[in-house]
Structure formats: structure tokens, C-alpha cells
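Just below is one structure, and these are the notes that go with it.
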Amino acid sequence: MTRFFKALLLVLATAMSGSSALAQIINDAAKWEVEAQKKQGNEYEIVFKLKLKKNWHIWSLKPGGDGLQMPPEFEFDKNKNVKYNGTVTEHGHAITGLMDGVDGKVTYFHDAVEYRQKATVAKNTKVRGMYTYQVCDDQMCLPPKTVAFSVAIKDAGGEEDPETADSAADMANAMPADSTVGTSDSSANTTTSDAVIDSAGKATGTNDSEGAKKENGNKSLLWLFLAALGGGFAAVITPCVYSMIPITVSFFTKRSKTRKEGIRNALYYSLSIIIIFTVLGVAISFIFGANALNSLSTNWIANLFFFAIFVLFGISFLGAFEIALPSSWTSKTDSKAGVGSFGGIFFMALTLAIVSFSCTGPIVGPLLVLAGQGGIAGPAVGMFGFSIGLSLPFALFAIFPGLLNKMASSGGWLNQVKVVLGFLELMLAMKFLSNADLAMGWRLLDREIFIASWIVLSVLLGFYVLGKLKLSHDDAPAKNIYGQEYTSIFKLFIAIISFTFAAYLLPGMWGAPLNGMSAFLPPMGTFDAFGGGGETMHADNVGGIKPVKYVEETKIYEPPVVKSLGLVTFFDYDEAVEASRKLKRPLMLDFTGINCVNCRKMESQVWSNPEVAKRLKEDFVVASLYCDMSKLKLPKEEQYFSKALNSMVVSVGNKNADLQASNFGANSQPFYFYVDDAGVKLVESGYGYDPDIDKFIKHLDRAKAKYKELHP
């Protein structure tokens with residue numbers, strides 16, 4: 001029934017002819033329980049159990065993506081009787097994949113998840129602290145919510161420390177009567193919180209059912225297998241492997257007594273390759289676990305390491321030097337190789353794997369990073385697919401030896417394959433550098449710089465395959481019967497693809513969204529260049545008044561369309577009110593979010609309209625109040641408990657969300673409210689997501705007319 005009435009209200013709100021949208025505070029979709037579980041002796045685990053309503057999810061502790069997702073955070077108060085061991089770990093069915101509106105793959109949980117913190121407890125005490133989290137469904141993300149907790153441990157021995165007992169009591173007394181801080185015994189110490197805040201935001205396109213989870217997981221693994229299979233085929237045409245095919249197949253066919261035996265030995269050889277690489281994948285899964293590789297792939301230090309490795313491989317492929325494993329490894333495996341038994345053939349395959357490392361390594365490397373996002377089965381499935389692609393030609397040529405005569409002879413074209421792969425390695429290297437840059441906020445590789453690097457590499461690749469760019473180790477170009485240099489059809493198509501890709505990326509230098517590449521590019525919030533022809537319309541003050549507070553912190557999130565319009569937005573309510581008073585203009589409160597997709601749609605589809613932009617710049621003071629900016633903490637003395645949100649207000653985002661919920665009875669974004677410098681509402685209802693430009697203009701005109709009526 002609840003779902004029915006919500007749907008009915010939504011339909012009625014949409015059908016209203018007025019410009020206002022329905023404002024309401026929707027209950028949170030998360031239910032938490034916190035307890036202390038005794039393990040052995042004085043060893044405990046503080047367990048946070050989360051249950052989510054259907055179709056809702058929470059980000060992983062290492063969500064990946066574009067760096068804008070907000071993972072849960074756990075903060076424990078200092079306690080002389082408690083020693084916290086390690087960091088909080090998460091336990092549940094993690095899902096990794098692409099989402100609409102998110103750059104790159106993200107990891108999240110449906111249904112339920114547990115977070116555990118190991119601790120050594122010296123004596124009976126209370127473990128206290130706060131946790132902050134954000135949950136989303138397929139339409140919106142709620143603003144981050146901060147909840148205080150207190151868990152009593154009564155079986156650790158000794159009397160409870162009076163200091164911690166009194167502190168916990170003080171904290172509990174500071175909370176309102178309907179808050180949910182519990183203090184029961186250590187075997188079932190629980191505190192339950194039902195959040196009451198809501199936010200429009202990230203469009204995710206997720207499904208809660210177990211069948212859908214399995215289907216998504218199967219699709220991801222199938223896609224991973226096919227990508228790995230393609231990587232195996234790519235490895236075949238590298239010089240290290242391709243040149244070994246005729247030698248190896250001829251060895252089997254000539255040393256075997258019968259053709260049947262030769263085919264069998266070649267199949268053994270192919271099977272050995274599959275076993276070697278698949279065992280490698282299983283070993284990686286066993287050693288690193290289901291999510292370790294994925295967590296590693298989102299770590300800034302790991303990404304810098306991957307960047308360095310890929311640059312190294314890329315330069316090697318371009319011909320600067322050769323990368324090879326120690327020759328002693330090859331000697332040991334080669335000494336045990338032979339065709340007398342499966343074991344001998346296995347060591348022949350192992351020798352190939354070692355010798356060809358300089359060619360296969362740059363392909364296996366990114367494959368392992370990709371496979372790490374496929375859970376516990378990812379590396380095994382990835383290496384299985386790669387090994388099939390790598391081993392298949394050896395089996396086929398052994399079964400059909402006549403095909404050997406049709407193989408293109410080894411030559412300069414194999415070197416050209418390596419060079420092409422070298423350019424691709426360098427492009428992938430930029431992605432890893434971008435991941436680290438986004439994670440740390442260095443702003444070294446903003447969107448336009450990243451795009452420019454890919455354009456340059458794509459153009460150079462196109463010129464190379466056309467023979468217009470020469471490297472020191474390249475062979476002389478092919479010539480036709482008339483002695484003229486020519487380009488093969490295959491190379492021509494590679495050049496067409498390369499130049500087309502560069503042309504596709506080029507508008508991105510001037511702010512085009514490039515949706516087809518959104519999973520690889522830095523987010524639009526890192527874009528610096530605006531306007532056409534190098535001209536920027538961005539202004540830094542309105543009427544001589546310059547925003548000061550939180551400007552630097554929000555620079556990365558400020559939408560490009562806002563900058564390109566020359567619109568100045570304030571990020572602090574009090575500062576915006578003061579500007580409204582001095583300029584004698586009405587105030588538009590833009591309650592927005594970093595992760596709010598519909599906010600960006602309103603800005604790009606409605607605010608960018610010339611009539612709307614003119615009104616916003618000349619007639620209003622705009623305050624963009626981010627309700628999910630949880631990383632910007634308030635000083636301790638300014639933190640408080642919000643009855644409207646039923647949570648602690650510890651960040652600037654919490655403060656903005658509380659302002660919206662307490663004063664305007666809404667907590668969804670985008671939502672626009674209009675007031676004067678005294679906080680008097682100019683339009684009774686706010687304006688939510690509705691990209692009708694005429695309706696939005698009428699709403700602005702009503703607010704302006706009411707302001708003039710109150711302030712003639």
C-alpha cells in the first residue's frame with residue numbers, strides 16, 4: 001500500500017499544471033544494527049549489520065568509479081580500554097559493474113552487508129563513535145547520513161570504566177528521546193537507526209532480485225571471458241608467439257611416429273598452455289581473494305604502479321628495449337621439455353610462456369586488472385579465456401598442417417604489431433594515472449589534458465600504420481610491382497579507425513560529453529576549458545561581490561555549464577544571504593548534489609537556455625548548496641543533532657541537507673527554493689526536476705515579482 005500511495009502522489013505531482021514539484025521527506029532505505037561479538041579471550045568484533053530495502057544499494061568501501069561515490073565511513077572514539085586492530089572490513093555479496101551516469105566500474109552491495117572492526121578490550125566498557133553512509137536506488141542517492149552509536153561490552157572482565165560510562169551517558173542524554181542509541185549486553189548489543197532523509201541523484205539502473213544478481217554476474221564473467229579470448233588472439237600475432245607456431249607444430253609432426261600422435265602431442269601442448277595460465281588465475285584468486293584485486297585497482301598507489309608498468313611496456317613495444325624474464329628460468333624448463341611424455345610437453349609449454357613474456361606480459365597485465373573486478377572467479381575465467389585464444393592456433397595447425405604453408409612469413413609486420421600495441425599500452429597507462437589523480441585530487445590530468453593525450457596518441461598511431469611515422473627498427477615499406485610504396489587495405493582500415501577515434505574525441509576538448517567513452521574519461525567536473533574559440537565566459541564575482549567560502553572545495557564539482565554561462569554561484573547560505581541583501585536581489589537556493597544526475601540535466605538543459613541564463617545572472621543571487629559534500633567536515637563545536645534528518649550534522653553537506661529539510665520540508669535534489677534576505681518564501685512551493693523551460697521561466701518571474709512586491 002505504501003508503494004501504491006507513493007506512486008499515486010508522484011502521478012498527481014506530475015499531472016499538476018503549476019510549476020511546483022511535490023516536496024516531501026522520504027524514509028531512508030537503510031536499517032542498521034550494531035553489536036559487539038566476543039571471539040576469544042578479550043578479542044571482539046564490533047559488527048555493523050545493514051539491511052537495505054528492495055532496489056536500494058550502498059557503495060563498497062572501495063567503490064571505484066569516478067571518485068565521486070561516497071563509501072561508508074566508521075569513526076571510533078578514543079578509549080584507553082579498547083585497541084582497534086586493523087581497519088573496518090566489509091562482508092557480503094559485492095557487485096561490480098557499469099552504471100548509468102557513473103564513469104567507470106563501481107562496486108556496491110544490495111540487500112545486506114556487514115562491516116566488522118576487530119578490537120582488543122581490556123575491561124568492561126562502551127565502544128562509541130559515529131558512522132556515515134549513503135544509499136541509492138535506480139533514481140536517486142540520499143544525502144550522506146551520520147549516526148552516533150554506543151555499544152556496551154559487559155563480559156570483558158573488571159568493573160566498567162566510570163569515565164567511559166559517564167561519557168556515554170552524556171552522549172545519550174544529548175540525543176533526542178526518539179533517537180536510537182542502544183546499550184545492551186555484549187553478545188547482542190544493538191543500536192538501530194531508521195534514517196529519514198532523501199536525495200535525488202545518481203541514476204544506477206540496478207536490480208535487487210537474486211536472479212538478476214546472478215544474471216548480471218554471469219554477463220560480466222561472459223564479457224570478461226570474451227575480452228580475454230580476444231587478448232589471447234592478440235598475443236598470437238605478437239613476434240614472440242607467432243614465430244613459434246610453425247617451429248613448434250613442425251617439431252611435433254616430425255618427431256611423432258604417426259600423424260595421429262603428432263596431433264595428440266599438439267593438443268597436449270595446447271592443453272598445457274591452458275592449464276598454466278588458468279592455474280595462474282586460480283592462484284591469484286586464492287592468494288588475493290574475491291575483492292583484493294579490485295580494491296588494488298582503485299588504490300592510488302597501485303594505479304601509479306600500474307601506470308609506470310604500462311609506460312615501461314609501451315616504450316618496450318615501441319622498440320626502446322626488450323623485457324624478458326631471467327634466462328635461467330628458460331634453461332631449467334627447456335631442459336625438461338620433450339615429446340616423450342605429457343610432462344615433457346608441459347614444460348615445453350611453460351618454456352613458451354616464459355620466453356614470450358615480453359609480448360604476452362603487456363596483454364596479461366591489463367587483463368588481470370580487468371579480471372580482478374570479476375570477483376573470486378574473475379582471474380580464473382580471464383586466464384582461461386586468454387589461454388584458449390593463445391593455444392588454439394597450435395592445435396589447429398597441428399590438425400590441419402597444410403595451413404602452415406598459408407601462414408604469412410615472419411617479418412617487419414610483426415614489429416608493426418608490437419608498435420601498435422605499444423601505442424595502446426600508453427593510452428591505457430593514462431587511464432591508470434587518471435585513477436590515481438582523481439583519488440588524490442591532484443588535478444594533474446584533468447579531462448581536457450587526458451583527452452588531448454589520447455588524441456595525440458591516436459593520430460600518431462594512424463600516421464604510423466600509414467607509414468608516415470618511422471621508428472628506428474622498422475623495415476623498409478612494402479612496394480608494389482612498379483616499385484612504389486603502398487599501404488595495405490588492413491592498415492588503411494586501422495588508420496581510418498584511429499583517425500576517426502581522434503576526431504570523435506576532439507569535441508571533448510570544448511566540453512562535449514563523449515558519452516561513449518564516459519567509463520574511461522575523467523568526470524566533467526575536472527574540465528577547465530570552456531566557451532568556443534578559446535574564449536571563456538566564466539566570471540568570478542557578481543556585482544563586485546565574490547564568493548569566498550567553500551569555493552576551492554567545490555571547484556571540481558561545479559558544473560561546466562554554470563562556468564560557461566558566466567554565472568556566479570555561492571556555496572554557503574549565509575554568504576549568499578549577505579550578497580542578496582547588498583545587491584537587492586531575490587535568492588535562489590539550489591539544493592544540489594555531487595552525485596545528482598538530474599541536477600546536471602537541469603543545468604545543461606534548462607539553465608543553459610539564454611532566457612533562463614539571463615534571469616539567473618541579472619535578477620537572482622544563486623546559492624548552490626551541495627547536500628552530499630560529506631568530506632568537508634564542520635568544526636566539532638558546530639556539529640549538532642538534526643531532528644529533521646534524525647542524524648548528526650557533522651559536515652557541510654549535512655548542514656545543507658538539514659537546512660532544506662528543516663526549513664522547506666524536502667530533501668530531494670535538485671530542488672530550487674526562492675527567498676529574500678530575511679528568509680521569507682517568495683513562492684510557496686519549490687521547483688524540482690522538470691526540464692520544461694517555459695515552466696521554469698514562469699517560476700523565476702513569479703519569484704522576482706513577489707520580491708519586488710515585498711521590497712519596492
Over 23 Å (Cα to Cα) - which of Lys78/Lys633; Lys62/Lys105; Lys546/Lys614; Lys39/Lys145 fall in this group: Lys39/Lys145
Sequence ranges 258-270, 649-661, 578-590, ranked by mean other-Cβ count within 10 angstrom, highest first: 649-661, 578-590, 258-270
Environment charge of Lys49, counting only residues whose C-beta is closer than 11 Å and scoring Lys/Arg +1, Asp/Glu -1: 0
Cα pair distances in the stretch 594-712, grouped into 10 Å bins until the bin that holds the longest one, percent each: 12, 39, 33, 14, 1
Highest-first arrangement of 545-551, 105-111, where packing means the average Cβ count within 10 Å: 105-111, 545-551
For peptides 663-672, 499-508, 48-57, 631-640, sequence by mean Cβ density within 10 Å, most packed first: 663-672, 48-57, 499-508, 631-640
Kirkwood-type radius of the stretch 599-664, with distances r between different C-alpha atoms, in Å: 13.7 Å
R0 of 35 Å, Cβ-Cβ distance Lys154-Glu73: FRET efficiency to nearest 0.05: 0.80
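Throughout, read-outs are computed from the coordinates displayed, never taken from laboratory work. Model, not experiment: these values are computed from the prediction. Note that each Cβ is placed from the backbone with ideal geometry, even for glycine, and that neighbours are counted across all protein chains shown.
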